[in-house]
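All of the numbers you see were taken from the coordinates with simple rules; none came from a lab. Please read these numbers as outputs of a predicted model, since none were measured by experiment. When we count neighbours, we look across all protein chains shown, and the Cβ atoms used for this are built from the backbone with ideal geometry, even at glycine.
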Amino acid sequence: MTHGGAGAIFPLLALLVLALPIILFWVFRGSGNFQKRRLIGFSQLAVLALSIVLFFTGIEQLQSIGFGTAFIILLSMLFTPVIFKNRV
């Protein structure tokens, strides 16, 4: 990653700080089926962890795949509680 690409970490960090407490609060305190919430929440966290590992590899193509995946997963983590809000 070049020094110019290092600025891409800041939006991911901001989304991580925002999305992680929201999804964990939804998993443990949300409404609906606890098993389904746990499956959805922890699978999102697993994909996020894998994409962050890819983001910090030395291969440029894997970095871009990891960045895109992490960005999409973090956005989906923000919207998951809203989407599943009224589902029982």
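Odds and ends about this structure:
- Note on S43 and I65: their simple-model spin labels are 2.0 nm apart, each label 7 Å out from Cα toward Cβ.
- Helical mean residue ellipticity (222 nm; -39500 (n - 2.57) per DSSP H run of 4+; nearest 500) of the chain: -26500 deg cm²/dmol
- Neighbourhood net charge (15 Å Cβ-Cβ; Lys/Arg +1, Asp/Glu -1) for S76: +2
- Spin-label model, Q35 to I83: label points 7 Å out along the Cα-to-beta-carbon direction sit 2.1 nm apart.
- Degrees separating the helix 9-29 axis from the principal Cα axis of the chain, which is the longest one: 20
- Diffusion coefficient (Stokes-Einstein, Kirkwood radius over C-alpha pairs, 10 °C, 1.306 mPa s) for region 14-59: 137 µm²/s, rounded to a whole number.
- For the pair A14 and S76, the difference between a 0.36 nm per residue extended length and the Cα-Cα distance amounts to 20.9 nm.
- Within-15-Å neighbourhood charge of R29 [Cβ basis; K, R +1; D, E -1]: +4
- Each of (i) 28, 12, 9; (ii) 22, 14, 11; (iii) 30, 13, 10 is a candidate for semi-axes √(5λ) of the Cα gyration tensor in Å; the one calculated from this structure is (i).
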